[in-house]
Amino acid sequence: MSVNRWLATGNFYESYKQEQRIFSTHCERAVFIVFIVALFLWPLLIKTSNTALLVLDEIMIAIIAIIGLNLVTGFAGLISIGHAAFVGIGAYTLAATSRVLGDQHVLLTHAWPLMIFLSGTAGAVFGAFVGLPAIRLKHLYLAIATLSFQMIFQWTINFMSFFNQGQTIPIARVYCFTGMVSRKDHYLFWYYTILIIVVVCGFCVRNLLRTRYGRCLVAVRDNDRAADAMGMHPGLTKVYAFSLSGFFAGIAGALHAYLYRGAGLDSFTLHHSITYLAMAIVGGLGTLAGSFFGPTAIKALDLQVEQLSEWTSVFLPAAMNLATALKPLAFGLVIVLFLIFEPRGIANWWRIIKSYIKLWPFKY
Amino acid sequence: MKFKAPFIIILSTILSLFLLAGCGQKQESGQEQGQRSAAKAHTYKIGLSLAITGSTSDAGNPYSKGVEDYINYANEMKFLGDDKIKCMIRDDQYKNDVTKRNFEDFLSAGIIFYLNYSTGSTLALKRDFEEERIPVIPASFHAGNLIDSNYIFLPIVSYSSQAIGLSEYIVNNHKGVNPKTAMFIHPSAFGRGPVEDVKKAVAAGLTMDIIEVVEHGRDLDNTAMLKRLISKKVQYVICNTVQSPVATLLNDAQRLGISADEFGQEDKITFFGVHYTGGNDLIALAGTSAENFFWTTSYRLTNEESAGASAQLEIAQKYGRDSKTANSHNYTNGIMAAQIAVETIRRAKAKGLEINRSNLYNELTAMNGFNAYYPLTTVGPVTFSSQDHAGVDTQIIYQVQNGVFRSICNPFESTYTGKLK
C-alpha cells in the first residue's frame, strides 16, 4: 500500500489484511462519512413532504430486503423466488402479535426495537426451514421450492381468519423517548430509524464477507464440491445463507408493517418477489453496493413510469388499457437490457467510476 | 472507462421520454397555478385515488371520468358561485401502498374531502382517515368500512344490504319450501363481506338455505362447480364479485343448459349479482348468457328513461365521452361520489361556514330528514347521520331482458338489514 493513504492511485496491498479493509483509502472513508452525515442532516435543513419521506423509507426498506436477497442469491448463488414471503413473515410476526395481544400492546408500541429483532428472527427460522431443500436441490429445482414457499405463504394468509384473510391487520403508533410518535413525525421518525438499521446492516454484511463465513458463501456459489473438498460444509452454508437472508427480510417486513401501520397480504405477493429479484439484478448480484443501487433505481423507475402511465392514460384509448401495460413493459425492458448489456448491474458502473477517480488523471 | 454504446443510447432514450413526461406535467401545473392566482375566488381541493390502470381499471376508468366530469360541470355551472373545486385524481393501480402515498400527497396539497376506491385500501387507511378527521367516500360499499370508523361514508347501500335484499326477493318470490341458495364470491374482503351478514339474516328468520359459498379463483371453467350445485339442488346463486368471473359462470351455465329461463325455474339455476357484477360490461362479456340475470344497485340506468339518465348523458356528451363510458354504471357511481362532495361543500357555503373538514363532516351527518339529498341518478335520497353512514338506503333490482337491463320492481329497503342493525 502506498504511504499516502489519501492519494493512493492504485492498489499497493502488501497483505491480505490490507486488501480486506472496508475503506481502501482515507478519501473513501471521508466521502462515506460526509454522505452519511448528509443523510442524517438534510431532513432537518430542508422541508420535506410526507410523501417524499414515505418514498425514501420504502427505498431503504427495500435495501434491507435486497441485502438479504443478495446474500442468498448473489453471494451464495441460491436462487430465491420467495423473498417477498420472507419479508411477509416479518410483517406478519407483528400482525400476529397484534392479533393475540392487541395492537396497542406495550410490546408493539414501546418494545418495537425488540419486535423488529424478533421479526427478523422469525424470518431467519423460516429461512432456515425453507433452506433445507437447498441441501439436496440446485438451480431451477431450488427456485421451485422457494416459489412453493411463496404460494404456501400467500394461501395461508389469504384463507386464515386469524390473519384477517389477507386484509390489513392494524398496528398502533410506536413510542420513543418523547412519547408517542405523532402522525406529523411518523415518516421522519421511521426515516431515521430505518437509516440507522440500513447502516448497521450494511456494515454487518460488509464484515461478514470479510470473515470465513462470508468467504464460504462465495466458495459454495463458485464450486460447492471444491468448497467441500476444502473442508467447508456446503449444506450448512446454504441453510445459513437462507437463514441470514430471512433475517434481513424479516427486519424489512417489520419495518414495512410499522411504517404502514399494518400488515396486508398485497405487499408480499409473488409480484413483489419478482421485483426484489429485479432490484438485485439491476443493482448488481453479488455486490453489497448493488443492494443499495438496485432498489433505488427500480423504485425511481416505478415512480417515473407511474407518472408516465397516468399521463398517457389521458391520450391512449381506455378500452385497450395501454397505460396499464407501460409499467410491466418498462420493468421487463430494464431487466432485459441490464441482463444483455450490463449483467454486473449498476454496481459495476460504480466500480468503474471509483476506479476512474482513483486513477485520474491517468487512464490506466 | 468503457461503457457499452448501444446500452447508453437506449437508456438515454428512455430517460429522455421520462423527462419529457415530467416536463409536460410541470408545464400544466404552472398554467393551473397562473389561473389560480388570477382568480379571486376560493378553490377547494379534493382528492381521488383509484385504479385507472391495472386490476379493476375497467371500473376505475369510467369512475374517474364520472368524478372529473361532474366536478368540471359543477364549476362551469357555478354550483358554488365563483368558488371552484379542484379534484386531484391519481392512479393507484389497485395497490394499497400507492394509495397511501397518493393520500399523503393529497394531504400535503391541503384536501378537505377525499374519495377513495378499493375495499383493501379503505380498510388499510381507515386509521389515517380517523386521525386526519377527513370525510371519505369510497367506491367500495363494503359494510366493514364503517366498523370503528367515523369518517367513511358509503354513497349507497352496502354489499351486505344488497345481498340481503336479493335474498329477500328470492324468498318472497320462490314457490315451495326454503329456496336453496349458493354464494359465488370474490376471494377478498370485498367478496367475503356479505356472506356473514346473509347468514345472520337467515339466522334471524329469512327462510332460505345457504348450501355452499364458493370463492372463485382465476378459473376459466366452472363446469365442475355448477354440476355440484345442481346435484345439491341449488336453484339460486348470488354473486358478489366483478363482471368477468360472473360472465364465465353465466357462459358455462348456458353451455351446460342449466341457466333458468325465468325466475325459479325448477332444476335450473337463476343467477343474481350485487353492484359490481352487473352493468353493460357484463352483457358485453357474457352475451346471450346474461339473459335473465338479476342485478341490484341503487343507481338508475341510462337505458330507462329518467331525469337522472338524461342528466348523466348530457354531462357525458358535454365532455365528449364515448357511449360505453356515458352508459356505464361506474360512470354514474363516479358522478355520485362527486355529487355528494359538491353538495356538502355547497351546503356548508350556503350557511356561511368556513369550508374545512370539520364543517363538511357536520354537513354530511346532518344530511337527513328534511335535509336529505336527492340526486337524480339514484333510486332514493342520500341520508347520513352520525349513526348511519350509508347514503342511499333503497335498492332496485334489474333483470336482463332481450340484452338490456330492465327494472323489475320498485325501489325497496331491505327488511332484514334493518332488523340486523
Just to be sure I understand the filter: pairs with C-beta atoms under 6 Å, separated by 6 or more residues or on different chains, first member in the stretch B:42-68 and at the interface with chain A (Cβ under 8 Å from one of its Cβ atoms) and surrounded by fewer than 24 Cβ atoms within 10 Å (Cβ to Cβ), second member modelled with pLDDT under 90 and part of a loop (DSSP other than H, G, I, E, B). Which pairs pass?
B:Gly54/B:Gln93; B:Gly54/B:Tyr94; B:Ser57/B:Ala51
Is there a residue in the stretch A:230-245 that is aromatic (Phe, Trp, Tyr), over 30 Å from A:Trp42 (Cα atoms), in contact with a Gly (Cβ under 9 Å, 6 or more places away or on another chain) and in contact (Cβ under 8 Å) with a residue 12 or more places away in the chain?
yes
Tell me, which residue of the stretch B:357-399 that is aromatic (Phe, Trp, Tyr) and touching a Phe, Trp or Tyr at 6+ places or on another chain (Cβ under 9 Å) is farthest from B:Ala74 (Cα to Cα)?
B:Tyr398
Here the residues within the stretch B:335-348 that are touching a strand residue (DSSP E or B) at 6+ places or on another chain (Cβ under 9 Å) and among the basic types (Lys, Arg) are B:Arg347
What are the residue pairs meeting all of these: first residue in the stretch A:145-173, first residue within 13 Å of chain B (Cβ to nearest Cβ), second residue β-branched (Val, Ile, Thr), Cβ atoms under 6 Å, and 6 or more apart or on different chains?
A:Phe163/A:Ile157; A:Gly166/A:Ile157; A:Ala172/A:Thr109; A:Arg173/A:Val181
Suppose we keep only residues that are part of a loop (DSSP other than H, G, I, E, B) and in contact with a helix residue (DSSP H, G or I) (Cβ under 7 Å, 6 or more places away or on another chain) within the stretch B:356-379. Which one would you say is nearest to B:Phe153 (Cα to Cα)?
B:Pro375
Name the residues in the stretch B:168-226 that are within 22 Å of B:Leu250 (Cα to Cα), in contact (Cβ under 8 Å) with a residue 40 or more places away in the chain and basic (Lys, Arg), would you?
B:Lys180
Which residues, counting only those in the stretch A:174-201, are of a type outside the set (A, V, I, L, M, F, W, C) and out of contact with any Ser or Thr (no Cβ under 8 Å at 6 or more places or on another chain)?
A:Thr178, A:Gly179, A:Ser182, A:Arg183, A:Lys184, A:Asp185, A:His186, A:Tyr187, A:Tyr191, A:Tyr192, A:Thr193
From the list A:Thr109, A:Thr121, A:Thr93, which one is of a type outside the set (A, V, I, L, M), in contact (Cβ under 8 Å) with a residue 12 or more places away in the chain and over 15 Å from A:Ile171 (Cα atoms)?
A:Thr121
Within the stretch B:46-61, does at least one residue satisfy the condition of being modelled with pLDDT of 95 or more, under 18 Å from the mean Cα position of the chain (by Cα) and assigned to a helix (DSSP H, G or I)?
no
Which of the following residues is within 22 Å of B:Pro62 (Cβ to Cβ) and among the β-branched types (Val, Ile, Thr): B:Thr297, B:Thr288?
B:Thr297
Kindly provide the set of residues from the stretch A:9-20 that are under 12 Å from A:Lys358 (Cβ atoms) and under 32 Å from the mean Cα position of the chain (by Cα), ordered by number.
A:Gly10, A:Asn11
Identify all residues within the stretch B:199-208 that are loosely packed, with under 14 Cβ neighbours inside 10 Å and not small (Gly, Ala, Ser); write none if there are none.
B:Thr207
Looking only at the stretch B:66-116, which residues are in a helix (DSSP H, G or I) and of a type in the set (D, E, K, R)?
B:Glu68, B:Asp69, B:Glu76, B:Asp97, B:Lys100, B:Arg101, B:Glu104, B:Asp105
Which residue is farthest from the other protein chains (Cβ to nearest Cβ), if the candidates are limited to the stretch B:105-116 and must be over 13 Å from B:Tyr44 (Cα atoms) and modelled with pLDDT of 95 or more?
B:Leu115
All positions within the stretch A:284-305 that are part of a helix (DSSP H, G or I), modelled with pLDDT under 95 and in contact with a Ser or Thr (Cβ under 9 Å, 6 or more places away or on another chain):
A:Ile298, A:Asp302
Just a yes or no: is a residue in the stretch A:267-275 closer than 23 Å to A:Thr121 by Cα, surrounded by 21 or more Cβ atoms within 10 Å (Cβ to Cβ) and at pLDDT below 95?
yes
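Results for (1) within 14 Å of another protein chain (Cβ to nearest Cβ); (2) under 30 Å from A:Tyr260 (Cα atoms); (3) among the basic types (Lys, Arg), shown as yes or no for each residue.
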residue	(1), (2), (3)
A:Phe23	no, no, no
A:Leu45	no, yes, no
A:Asn50	yes, yes, no
A:Val72	no, yes, no
A:Phe75	no, no, no
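The values are calculated or read from the model by the stated rules, or taken from the named source; none is laboratory data. Since the model is a prediction, treat every value here as computed from it, not as a measurement. Note that each Cβ is placed from the backbone with ideal geometry, even for glycine, and that neighbours are counted across all protein chains shown.
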